[in-house]
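Asker: Handing you a structure now.
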Amino acid sequence: MVTPVTVLELAGVAVFAVSGALAATRLCQTFVTACFFALITGVGGGSLRDLLLGVRAEWLEDRLVALVIMMSALAVWFTPGRWWREKVLEWADAAGLAAFAALGTAKAVEYGVQPLPAIVLGVISGCVGGIIRDVLAGVPSILMRPELYVTAAALSASVSLIALEMGMQRLLALLLASAAGFGLRGAAMIWRIELPAYARDRPAKAE
Amino acid sequence: MVTPVTVLELAGVAVFAVSGALAATRLCQTFVTACFFALITGVGGGSLRDLLLGVRAEWLEDRLVALVIMMSALAVWFTPGRWWREKVLEWADAAGLAAFAALGTAKAVEYGVQPLPAIVLGVISGCVGGIIRDVLAGVPSILMRPELYVTAAALSASVSLIALEMGMQRLLALLLASAAGFGLRGAAMIWRIELPAYARDRPAKAE
Amino acid sequence: MVTPVTVLELAGVAVFAVSGALAATRLCQTFVTACFFALITGVGGGSLRDLLLGVRAEWLEDRLVALVIMMSALAVWFTPGRWWREKVLEWADAAGLAAFAALGTAKAVEYGVQPLPAIVLGVISGCVGGIIRDVLAGVPSILMRPELYVTAAALSASVSLIALEMGMQRLLALLLASAAGFGLRGAAMIWRIELPAYARDRPAKAE
């Protein structure tokens with residue numbers, strides 16, 4: 001059955017898959033490579049979460065996820081590149097990041113993971129797809145940029161954990177957490193909020 | 001018991017292990033590094049398939065796989081480099097690719113994976129070992145080359161799925177699928193068949 | 001309950017986490033990135049071992065591991081860089097490497113893995129965290145250096161296996177194995193013991 005949570009998840013997969021396929025087309029790769037990049041970016045983070053949990057990767061049980069990924073790659077391939085504006089993509093990516101982090105933590109909690117590792121799993125769900133995409137494409141990873149990104153995922157994951165622990169209804173908790181992470185990432189993009197970088201051999205002030 | 005399917009699998013492991021060990025000797029590495037490269041190339045794809053399936057990696061249960069990998073590294077180390085002709089290796093790699101893709105999809109089907117993800121798992125089984133080898137060795141990945149490679153794995157995986165779904169006997173289905181994938185990869189090598197690369201800002205014609 | 005084995009494990013996690021966080025601060029990254037590097041370096045090897053075994057990653061069940069990693073990142077962030085001398089770190093890393101390799105093999109044996117793959121799993125436990133750290137940081141991997149490193153892990157893993165198979169008490173076997181691996185790595189650092197690199201097109205003499 002397609003629940004609102006499933007829709008949230010599939011939307012996140014589609015956004016990340018598109019960003020993966022675009023990374024491939026920007027490198028002037030072939031359609032098959034674009035599909036591969038769409039796959040690893042779309043399901044990389046969630047798969048690693050599932051592997052660490054010791055369960056089968058979710059997308060193997062699902063008819064829709066692999067289809068959504070292939071459709072995303074097709075969409076990128078057959079439309080002009082200028083349709084996919086950097087700005088629009090960044091906002092879509094922010095939404096996917098926040099949703100995946102919230103969902104990842106919720107799944108970890110369901111599987112009885114301790115609170116702190118559950119937040120870490122949420123962050124992994126949100127960020128790892130993009131990291132693998134960047135390593136394969138040979139571009140500097142989002143990890144290395146000072147802009148708030150992992151931090152936004154951590155906020156989303158933390159809110160998700162706290163809301164669920166307080167007994168909030170699942171869908172509500174996920175939406176609240178996603179909104180918090182999306183808001184922080186959005187604010188970081190608009191006002192260029194950055195974390196301080198480490199200043200060698202001087203103790204840094206704080207995060 | 002050593003079945004024909006086991007022989008097919010061990011031959012594939014040996015071929016990939018040799019290609020991994022050669023990548024290490026070409027970088028003038030040590031014997032231990034050569035073993036490590038042989039290992040990840042030989043069992044990388046199959047291991048990721050097993051992890052995604054949520055089961056233990058096959059080579060942990062097996063006395064022979066780790067031995068075959070070590071023998072492959074030894075063979076590469078103690079024989080002159082010119083014995084290992086690029087041409088011969090490429091053909092052996094094509095055979096390994098096709099066999100692993102067919103075997104990977106067959107295992108996924110046995111474990112109740114949906115059809116489209118089962119094909120994806122077959123492709124992963126065939127291609128991922130080589131991808132990790134290339135990332136670690138710092139050479140451009142086969143993923144990035146336009147020659148039909150992933151596509152040949154996808155053909156082998158698809159034929160394997162269809163033949164098994166139609167009730168064909170397992171060994172026969174695997175051999176048929178491997179032959180199809182090997183044939184396509186071989187044709188691509190002989191006649192340099194390539195997929196069209198993405199042409200920026202113009203809709204491409206087709207795959 | 002905190003057993004001596006747990007203490008050994010947590011110490012190894014702390015050492016690797018510190019080396020990961022330092023890799024991030026040397027690249028002048030942010031605190032969040034430093035935490036991420038500390039995480040992958042601290043639990044990367046053990047996690048891959050657990051994934052290959054088909055069980056849940058150990059640190060998800062544990063309240064302490066994630067905490068130790070975060071404390072390590074904090075310690076690196078708020079202390080002057082010159083406190084962390086390369087020399088001290090290399091020795092700490094040697095201790096972590098040897099302990100993880102011994103522990104990894106012991107866990108594999110407990111889970112019924114065959115002897116040779118059990119040694120391989122020990123080596124993976126010890127080395128993979130550092131390898132992922134190096135790939136993400138974009139520096140040449142320890143894998144590629146001729147100094148005895150993987151070999152020391154292999155010695156520790158092998159001693160662990162043999163001692164356990166001979167019925168030695170667990171803690172004793174682990175300490176003996178760690179001492180052997182640490183000793184070899186230490187000797188390699190002091191006397192610069194190196195494996196011979198592959199000499200192209202001439203058969204090498206031996207390992």
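Throughout, read-outs are computed from the coordinates displayed, never taken from laboratory work. All values reported here derive from a predicted model rather than from experimental measurement. Cβ placement follows ideal geometry from the backbone for every residue including glycine, while neighbour counts extend to all protein chains displayed.
Asker: Give the residue from A:GLY104, A:ALA21, A:VAL68 lying farthest towards the positive end of the charge dipole for chain A; charges sit on Cβ (+1 for Lys and Arg, -1 for Asp and Glu) and the dipole is referred to the Cα centre.
Answerer: A:ALA21
Asker: Averaged across B:151-158, how many Cβ atoms of other chains sit within 10 Å of each residue's Cβ atom? Spell out each step's value before the answer.
Answerer: On the way: counts 4, 1, 1, 3, 0, 0, 0, 0.
Average neighbour count from other chains, rounded to a whole number: 1.
Asker: What's the average, rounded to a whole number, of partner chain beta-carbon atoms within 10 Å of each residue's beta-carbon in B:13-25?
Answerer: Working: counts 0, 0, 0, 0, 0, 0, 0, 0, 1, 1, 0, 4, 6.
Per-residue shielding by partner chains comes out at 1.
Asker: Can you compute the equivalent ellipsoid semi-axes for segment C:67-109, i.e. the square root of 5 times each eigenvalue of the Cα gyration tensor, sorted largest first and rounded to whole Å?
Answerer: On the way: eigenvalues 140, 43, 3 Å².
They are 26, 15, 4 Å, listed from largest to smallest.
Asker: Quick one: with label points 7 Å out along Cα→Cβ, list the inter-copy distances for C:VAL55 in nm, shortest first?
Answerer: Label-point distances to the other copies, shortest first: 2.0, 2.0 nm.
Asker: While we're here: Which single residue of chain C puts its beta carbon nearest to the axis of rotation relating C to A, and what distance, in whole Å, does that give?
Answerer: Of all Cβ atoms in C, the one closest to the rotation axis yields C:LEU51, 3.
Asker: Dipole of the protein assembly as shown, Cα-centred, from +1 at each Lys and Arg C-beta and -1 at each Asp and Glu C-beta, to the nearest 20 debye? If you can, show how the numbers build up before the last one.
Answerer: Numbers: 48 positive and 45 negative charges, 262 e Å.
Result for the protein assembly as shown is approximately 1260 debye, rounded to the nearest 20.
Asker: Follow-up question, since we're still on this one. Apply the Debye scattering formula to segment A:137-193, with a single equal point scatterer on each alpha-carbon and no solvent, then give log10 I(q)/I(0) at q = 0.17, 0.19, 0.28, 0.31 Å⁻¹.
Answerer: -0.58, -0.67, -1.00, -1.11
Asker: What order do you get for B:75-83, A:47-55, B:55-63 when each peptide is scored by the mean count of other beta carbon atoms within 10 Å, highest first?
Answerer: Details: B:75-83: 14.3, A:47-55: 21.8, B:55-63: 18.4.
Output ranking for B:75-83, A:47-55, B:55-63: A:47-55, B:55-63, B:75-83.
Asker: B:GLY20: net charge of surrounding residues, Cβ under 13 Å, Lys/Arg +1, Asp/Glu -1, itself excluded? Numbers along the way, then the final one.
Answerer: Numbers: positive: B:ARG26, B:ARG133; negative: B:ASP93, B:ASP134.
Taking every other residue near B:GLY20 into account, the sum is 0.
Asker: How far is A:LEU172 from the same spot in each other copy, in nm, shortest first, if each label point sits 7 Å from Cα toward Cβ?
Answerer: 6.0, 6.0
Asker: Still on this structure: Between copies, how close do the B:VAL7 label points come, placed 7 Å along Cα→Cβ, listed in nm from shortest?
Answerer: Relative to the other copies, B:VAL7 has label-point distances of 5.6, 5.6 nm.
Asker: Can you give the Rg to Rh ratio of chain C, both from alpha-carbon atoms, with Rh computed by the Kirkwood formula? Please list the in-between numbers first.
Answerer: Working: Rg = 16.8 Å, Rh = 17.2 Å.
Result: Rg/Rh = 0.98.
Asker: Still on this structure: Measuring from a point 7 Å past the Cα of B:MET71 along Cα-to-C-beta, which residues in segment B:24-40 have an amide N at less than 16 Å?
Answerer: From segment B:24-40, the list is B:39.
Asker: Give, in whole angstrom and from largest to smallest, the semi-axes √(5λ) of the equivalent ellipsoid of segment C:1-77, with λ running over the eigenvalues of the Cα gyration tensor. Kindly include the intermediate steps, with their values, before the conclusion.
Answerer: Numbers: eigenvalues 98, 40, 18 Å².
After scaling each eigenvalue by five and taking roots: 22, 14, 9 Å.
Asker: Assuming R0 = 30 Å, can you tell me the calculated FRET efficiency for the pair C:VAL7 and C:GLU61, based on Cβ-Cβ distance, to the nearest 0.05?
Answerer: 0.95
Asker: Looking only at Cα atoms, what is the convex hull volume of the protein assembly as shown per residue, in Å³? Please list the in-between numbers first.
Answerer: Values: hull volume 94.6 nm³, N = 621.
For the protein assembly as shown, the hull spanned by Cα atoms encloses 152 Å³ per residue.
Asker: Per DSSP helix of 4 or more residues, -39500 (n - 2.57); summed, then divided by the residues of chain B. What does that give at 222 nm, rounded to the nearest 500?
Answerer: Numbers: 7 runs with 147 residues, N = 207.
-24500 deg cm²/dmol, from helical runs alone.
Asker: Shifting gears a bit: Taking the Cα centre of each part, how many Å lie between segment B:96-114 and segment A:25-102?
Answerer: 23
Asker: Here's a follow-up. Inside 10 Å of the C-beta atoms of A:137-146, what's the mean count of C-beta atoms belonging to other chains?
Answerer: 4
Asker: Among A:GLY46, A:GLY130, A:GLY186, which one shows the biggest mean-square fluctuation in a GNM of chain A, springs joining Cα atoms closer than 10 Å?
Answerer: So, out of A:GLY46, A:GLY130, A:GLY186, the one fluctuating most is A:GLY186.
Asker: Where does each of A:9-15, A:87-93, C:152-158, B:119-125 land if you order them by average Cβ count within 10 Å, highest first?
Answerer: B:119-125, C:152-158, A:9-15, A:87-93
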